[in-house]
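Here's the structure, in C-alpha cells; my notes come after.
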Amino acid sequence: MSRAPKSSANDAPQMPRELDADQARRLIEAASDVALVLDGSGLVLDVFSHDLELQKAMRREWRGRTWSDTVTIESRDKVKALLDAALADTPTAPRQVNHPAKTGPDLPILYAAVRVSGGARTREAARVVAVGRDLRDTVALQRRLVDAQQSMERDYWRFREAETRYRNLFQSSAEAVLIVDGATLRVVEVNPAAMTLLSGGAAKPAKVVGVALGSLFAAEAAEPLAAALAAARSVGKHERLSALLVGVRRSVNLAVSSFRQDQASFLLVRLAPLADIETKAQRGATAARTPTADGSGDNLASAFVRGTSDALVFTDGSGRVVAVNRAFARMAQLSSEDQARGESLDRWLGRTGIELSMLLANLREGGSAGLFSTELRGALGLATEVEIAASALEPPGAATFAFSVRDVGRRLAPSERALPTKVPASVQQLTELVGRVPLKQIVAETSDLIERLSIETALAMTKDNRAMAAQLLGLSRQSLYVKLRRFGMGGLESGDDA
C-alpha cells in the first residue's frame, strides 16, 4: 500500500517572515483604495488612500478621532463588530460602511479589519489595519440600475393604462370597427358592434377573427376594396367605399385608415350600414384610386436610411419635407412616410416656432449644425425630447438639407459624479442657503444668475446671433442689449445697442 508523502516545511506557502514599516505601508496601499491604522480602542492613527485629495481630507478630519465617530449612525455597529473581530483574530466578512460628506452623498467603503500587532490581553497596545474598497462607482451604477428599472416600470404601466383606455374605447364604441393586419389583410380584432353587424343579430356569431377581409364582402367589391386598402397604406386613409356584406346581405360604407404598431402596419376599418340595399350599379360607382408615388424619396434613401433607428428627414431649402424614413413616421405618429411629403418640418419640430429658422440659418451659413436639443410633436399629440444633427447636401438636388433626429427622452439622467465641473459656485451653494436666509432673499440673489445663464444658453444655441437669441428669449433686441451690457457679456460698449 502506497503512502501519501509527508508534508514538509517547504510545502507551506512561502511568505516573508517580517516586513519593515515602509514595506507594510506600500503593501497596504497597493491592496486597498483606503486604509486606516487604528489602535485597540478604535482611534484613527493614520489614513492612506490612492486619491491624494481624499487622503488629505481624511487625515485632516479623521486622525485623532475614533473610527465610529467618522461614520454614519447606522454604520457604527458594523465598525464595532469589525474592530472586535479583528482584536479577537476572528475571521469575519467585509462590511460596507458609510462616511458622511459635507457636500454630496455619503462615501461608501467596503472594509475588512485585521490585527497586525499586540496580544489579545493588551488591547490598548494592539494595532489594527482596516483596508477598504471605494464603492462610489458601484453605488452610482446601482443607482442608475434602479433608475433604469423605475423608468421601465413607469413605461410599462403607462402602456398598460393606454391599452386599458384603448380596450374600453374599442369595446364600448357604437361604431363597427375591425383591426386588419396590413401584411396579410386578415382580421386581427373586431369590436362587439362590428360582430353584431357582421352576424346580423344571429344567436351564434360568425367567426370573423383570422379570416381574410375580402371574404366578408361580395365578389364585385373585391377590386374597389383592394384599391382602397392600397390607398390607405400609401397615403394613410381612404374614405367612402360602398360594399355588400356577404353573410347578411347588407350594404355598408367603409372608411379605411392605417397605423403602425411594433414595427408592423395595421388597417383600421370602420363600417357604417346604409339605410337601403344599393344596386350593383350603385355599388360599382364608388371606386378607389391608388395615388401614384413620384418616387422622389427613393433616389435619396438607401436601405440603411430606410431601416435605421434614427429618424431621418430630407427637406428643400425652405424646410419643406421631400422624404422621410420609417423611424420619423413612427416618431411623428404618421401612418406612412408619404404623409410627411410637402409639409413644413416646422409642423412637428420645435417649441417656439423659430427653431427651424435657426437651424436653416446655421445650415446656410456653415453647412452643418451640431446636436440641437428641441421637441418633436407627433400628429396625435405625443411630444418627444429629441436631438437634431443636420447638414447641407452636396450638390443640392430635390433635397437641400438632411436632418437626423434622435429620441433622447428616455435617456437616464447623468450620475452625480458626471455633472459638469463648470456649474457656478452660487448654484452649488443654493442648498446651503435654505434655512439660513428667507426664500425671498434667495430668489432675489439668484434671479440675476438664472437670467445670465438663460442668455448664455440662447447665445450658444444661436451661435451668437443676437436677433435670434432675443426672439428665442421673448425679448426685444434693445432689451437683450441692455441685459448684455448689464452683465458685461458679448463685449458690448455703451454705444453698441443701436
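Readers should treat all values here as calculations from the given coordinates under stated rules, not as data from a laboratory. This is a predicted model, so every value here is computed, not measured. Cβ atoms come from the backbone with ideal geometry, glycine included; neighbour counts cover every protein chain shown.
What is the calculated FRET efficiency for residue 138 to residue 220, with r their C-beta to C-beta distance and R₀ = 51 Å, to the nearest 0.05?
0.10
Using a Debye calculation, one point per C-alpha and no hydration shell, please list log10 I(q)/I(0) for the range 37-109 at q = 0.19, 0.24, 0.25 Å⁻¹ in order.
Each listed q maps to, in turn, -0.83, -1.25, -1.32.
According to the Kirkwood expression over distinct Cα-Cα pairs, how big is the hydrodynamic radius of the range 173-285, in Å?
14.1
For the range 303-407, report the convex hull volume of the alpha-carbon atoms normalised per residue, in Å³, without decimals.
91
Going by how many other beta carbons lie within 10 Å of each one, how would you line up 156, 481, 111, fewest first? It would help to have the intermediate numbers written out before the result.
On the way: 156 10, 481 18, 111 23.
Going from sparsest to densest Cβ surroundings: 156, 481, 111.
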